[in-house]
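Report on the structure given below.
A short reminder: the numbers here are calculations on the coordinates, not readings from a lab. Source: prediction; values computed, not measured. Cβ coordinates were reconstructed from backbone atoms using ideal geometry, including for glycine residues, and neighbour counts include every protein chain displayed.
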Protein chains: 2
Amino acid sequence: MKLLSTILSWLKSRVPAFDWLAHYKRKHLRGDALAGVIVATLLIPQAMAYALLAGLPPQVGLYASLLPLAVYALLGSSRFLSVGPSALLSLLIVTQVAALAEPGSPRYIAFAMATALIAGVMQIAMGAARLGVLTNFLSQPVLSGFTSAAAFLIALSQVKYLLGVPLPPTDHLHELLGELARAVPQTRWPTVAISAASVLLLLAFQYVLPRVLARWKTLPAALAQSLSKSGPIVVVIVGTAIVAAFHLGARNGVSIIGEIPSGLPRFALPALAASEFLPLIPLAFAVSFIGFLENISVAKSLAAKRRQKVDSNQEFIALGAANLTAGVTGGYPVSGSFARSTVNFTAGAKTGLASLITVAVVGVAVLFLMPLFHHLPQAALAAIIIIAVTGLMDFRMPRRLWRYNKADAVALILTFIAVLAVGVTKGILIGAVSTILLYLWRTSRPHMAVVGRVGNTAQFLNVRRHEVKTLPHVLLLRIDESLYFTNAKYIEDFVLHAATERPRLRHLVLICTAINFIDASALETLTDLRTRIQEAGVELYLTEVKGPVMDRLADTEFLEQLGRDRVFFTTQDAYEMLAAPNLQ
Amino acid sequence: MKLLSTILSWLKSRVPAFDWLAHYKRKHLRGDALAGVIVATLLIPQAMAYALLAGLPPQVGLYASLLPLAVYALLGSSRFLSVGPSALLSLLIVTQVAALAEPGSPRYIAFAMATALIAGVMQIAMGAARLGVLTNFLSQPVLSGFTSAAAFLIALSQVKYLLGVPLPPTDHLHELLGELARAVPQTRWPTVAISAASVLLLLAFQYVLPRVLARWKTLPAALAQSLSKSGPIVVVIVGTAIVAAFHLGARNGVSIIGEIPSGLPRFALPALAASEFLPLIPLAFAVSFIGFLENISVAKSLAAKRRQKVDSNQEFIALGAANLTAGVTGGYPVSGSFARSTVNFTAGAKTGLASLITVAVVGVAVLFLMPLFHHLPQAALAAIIIIAVTGLMDFRMPRRLWRYNKADAVALILTFIAVLAVGVTKGILIGAVSTILLYLWRTSRPHMAVVGRVGNTAQFLNVRRHEVKTLPHVLLLRIDESLYFTNAKYIEDFVLHAATERPRLRHLVLICTAINFIDASALETLTDLRTRIQEAGVELYLTEVKGPVMDRLADTEFLEQLGRDRVFFTTQDAYEMLAAPNLQ
């Protein structure tokens, strides 16, 4: 009995669904059901479109939207997140797996499944090892630059479908542009007509419909929002109907989806030899990282709106379980979708039940509606992808960053260019490394302020910014950075220079409010510095040393040589003592 | 006339020798002359020994001690530094160039010269571009681990000469150990006898002689110190005399230096095709960096003793010019020597003239004394190298670092192991990267303190360390780190957690004394955080924001949403306002 209850309580802590299922309130059912159905109408076209973007048959995208979504709904700590195929992950798959197998072939599908499987295992392992924190090492400018560049590549990769010209996939900008240039003369005009109509229809739903519906006062806001998100399913239905009615596929060469097998996916491991999993590891790592980042940012922003908490490590595990499931049920890598999760949230979802209802609707579609999509034109799906990813491109961010902090703007632009120039995985790596180097460069030349006393108060402020009192034989210096190897010598040079500039100087006070840490290199430099200025007749003092810093200094040679009486609690104490006439 | 004086004043600023030559005082001549001669007696055996360590004929070491030393004396900003062959640079040469040519062959010499040439150009370029600061990115623990490991490898590489067994050079520990194990059975006992005698003699000079001389009260201290540094030349003279007298070279197979060509080196470019310079670039980069680091640390520590200033960029240029000269006068890479510079300083050198006198003495030796070194045993030179480099191994440093800061100790040990495991150049790179990662890891989890007021003062201290007053509806939080991408999410989670823990909380005050910078990622997080806690009924305030941080925040959405009246000059102001009953 005890064992059973232990297992149960462990399961409860690991499976958030126990909580919301046990306390499910009937009043939530209507919202959950409505949201579930609306999300499904958005998910079905997106899942097929992203699968095609990834070089996979459309049903793979739908399979990835069945069990993986259900598994996430049970394990995820977010109640609104809708996982499934994603444009960024699809781009990663097509650019890396296309080198291993022919897109669309059974081996290609097996590689995509295997990537999901490995990425799932990695995500579960990282979550269990509580390594969610690792994702913090990608800064926002790098993520923004990466996303914009990837969205740009995705949009560009779809132009061939808009024009109706088949081209091999690539994530290298110059190859893409070269191929497009060769493709343009072969443009098929019936396809272009369908593309243009699809794009216009999607834009109308996105920008015109909300304004029209806003005037219709009696319409509930949630319904209005959901209607304006229904562009993709309308484009799919209308596009398919027109192509089927006028036989545009057979007569005018418009590319159509064709036969999609009906029926649910089977449980099966990817049909690959064990050794064939190995070359997928770098790709799976990129997928697990980028998928998680998409996931956690969407989950956090939605949870905050309801003042709910998202647990990074639980999210890692839940997304990992979803990917693992995708890998054994004929799917491919999934992550949380911003667009579908927002629709889920605004359409009134209250619990994970909404996602389970979405799964049921997608399941019905997979079982019975596949023949209806036979005449679905690829150009319509390409239009859906392009309109979806243009929202990911953020051109205001670089300008905002440039005003706020040039280094961040440089990191963004560098990542953007690197992704376009050398591909998505290497590009994001270059961005991450450059951010770190820019950060080190900044902290290696810290801000330092000579300060003086404000009137007779306890406040000491920068002599350049404020009217303050100073003493000619005392230099009060505030170093606005932790002392560590990249800046130790710089600070030493600054202090020595400041000391040689002031012939009457006898006391140098370092104000340590902003020093959070002193590493061994900096401690060595400080020890040397103290000796050097003492030999030049200048005494060193420290004030306002933080507790953790003081704890570390306690047993060091530096503090022994300095003397504990040279360390003051407040700058005021030091100032008042050193103002004494006998110390001038 | 104006042009001439402009050129003259530019030269004066670039050639420190103009200054000390124009104002040369006759009273300095005695010290300079004595120091110059004593350094030469140390330099001649070391130059030959290090050349052999580098896989070069002994005269190459002597050539590197002529013009390069003179060029440095004229251009260097340190007046005591003695440049010339160095053990670390010799190790770099032998391990990297041995892959390109047979050690000791004319092509090998040409590669060594070319390395000096390229390193010289790099150093001049880095000095001119004021990139001296780049060297700060190698932390002290990394340098210490590198130096100890390199010294260990050098000492081990000399054991073959002590035993009299020829072995190929390598900087891989396992190869070295394997070869030594095979070599031990072939030990030549006459060579071992010379080795043992040399080591004992050197140790006696280093440890016993100073104590004996200290009792001799009338002996000047400088002379006593110089005498105790004369071990190497005594070993060379005595060793050569014994080998020559008993014909140990021919009769007992003791390896001797043999014929050294007399005469000064000629100006000549390395005899290599232009394309053969290319593969030397990584090695030259390592040489220019490590050579400069040796140089600047010796120069700084000696300059400080006389309260003189060393200019990093001028040092880079001066050392670069010395290396360039070495590359075109039959030498190989040089840097400042700690041992010889200290001897120069304590023997009474006052200006660069001492080094010019050293050059004259070495020149005389190269012209006339070379036949005398014919019977010099290699074992004696190996003993000199081993005793010289054991001083570079620092085993107290890792223990001291472990007590002070574990991360620094880990960096040292990691660098030490990496240098032994994968070689010197890759090893130091691994060390440098690991230090940066350890630093990022530390700043990603900053110290944060909940603080309270000390009595009725303006001081606010950690509630865990001090007796302070707090208010139940106000949380005063001090973040002891700049806010940037690696820690933004961590801080957000901490603040949200702290807020949810306190149901009565209505005001959250962030004390920004230790925040030196807020990057774009952190600003985004702060903006989100403010919205989230406000939705939960908690207002955000900032206090003691630094000038440069406030300047940046000025035009941001964050400050606009927060309101300027929520930013207080002092924590006291905020505390007193929030203590008002109507705000509880």
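Spatial offset of the range B:547-575 relative to the range B:148-217 amounts to 66 Å, using the alpha carbon center of each.
Cross-link partners among aspartates and glutamates for residue B:300, C-alpha distance below 14 Å, same-chain residues fewer than 8 apart left out? Straight-line reach from residue B:300, under 14 Å: A:492, A:493, A:524, A:528, B:311, B:315. Compactness of the range A:448-583 was expressed as the Cα radius of gyration divided by 2.2 N^0.38 Å, which yields 0.98. A P(r) calculated from all alpha carbon pairs of the range B:353-487, with 10 Å bins opening at zero, reads 9, 18, 19, 17, 15, 9, 7, 5, 1, 0 percent. Over the Cα atoms of the protein assembly as shown, each weighted equally, I'd like the Debye log10 I(q)/I(0) at q = 0.05 Å⁻¹, rounded to two decimals. With no solvent term, the Cα-only Debye profile gives -0.47. The other copies place their residue B:493 label points at 3.9 nm from this one, listed shortest first, where each point is 7 Å from Cα along Cα→Cβ. Projecting the Cα positions of B:233, B:370, B:293 onto the charge dipole of the range B:28-392 (unit charges on Cβ atoms of Lys, Arg, Asp and Glu, taken about the Cα centre) puts B:233 furthest along the positive direction.
Relative to the other identical copies, residue B:107 shows label-point distances of 4.4 nm, where the label point lies 7 Å from Cα along the Cβ direction and values run shortest first.
Scaled against 2.2 N^0.38 Å for its residue count N, the alpha carbon radius of gyration of chain B is 1.24.
Put a plus charge on the Cβ of each Lys and Arg, a minus charge on the Cβ of each Asp and Glu, and nothing anywhere else: the dipole of the range A:448-583 about its Cα centre is then about 560 debye.
Secondary-structure-derived ellipticity at 222 nm for chain A, considering helices only, amounts to -19500 deg cm²/dmol, per-run term -39500 (n - 2.57) for DSSP H runs with n ≥ 4.
Within the range A:448-583, antiparallel bridges make up roughly 35 percent of the DSSP beta bridges whose residues both belong there.
Grab the Cα-Cα distance for residue A:100 and residue A:250, subtract it from 0.36 nm times how many residues apart they are, and report the gain in nm with one decimal.
50.8 nm
Of the trypsin sites (Lys or Arg not before Pro) found in the range B:16-124, those that fall in a DSSP loop while having at most 15 other beta-carbon atoms within 10 Å are B:25.
This model, with +1 at the C-beta of Lys and Arg and -1 at the C-beta of Asp and Glu, gives the protein assembly as shown a dipole about its Cα centre of some 1540 debye.
For the residue pairs B:2/B:350; B:406/B:469; A:489/B:426, alpha carbon separations beyond 28 Å are given by B:2/B:350; B:406/B:469.
Compute the relative contact order of the range B:28-392 as a whole-number percentage, counting only Cα pairs closer than 8 Å that sit 6 or more residues apart in sequence. Each step should come with its number before you reach the end.
Numbers: 672 pairs, mean separation 158.0, N = 365.
Relative contact order comes out at 43 percent.
Ranking B:73, B:120, B:348 by how far each Cα lies toward the positive end of the dipole of chain B (charges on Cβ) leaves B:348 at the top. Considering only A:430, A:418, A:88, and ranking their Cα positions along the charge dipole of chain A that arises from unit charges at the beta-carbon of Lys, Arg, Asp and Glu, the one farthest toward the positive end is A:88.
Using the Cα atoms as the points, what is the convex hull volume per residue of the range A:140-190 in Å³?
66
Can you give the % of DSSP beta bridges in chain A that are antiparallel, to the nearest 5?
Close to 45 percent.
Placing +1 on each Lys and Arg Cβ and -1 on each Asp and Glu Cβ, with no other charges, gives chain A a dipole about its Cα centre of roughly 2240 debye. With label points set 7 Å from Cα along Cα→Cβ, the inter-copy distances at residue B:577 are 3.5 nm, sorted shortest first.
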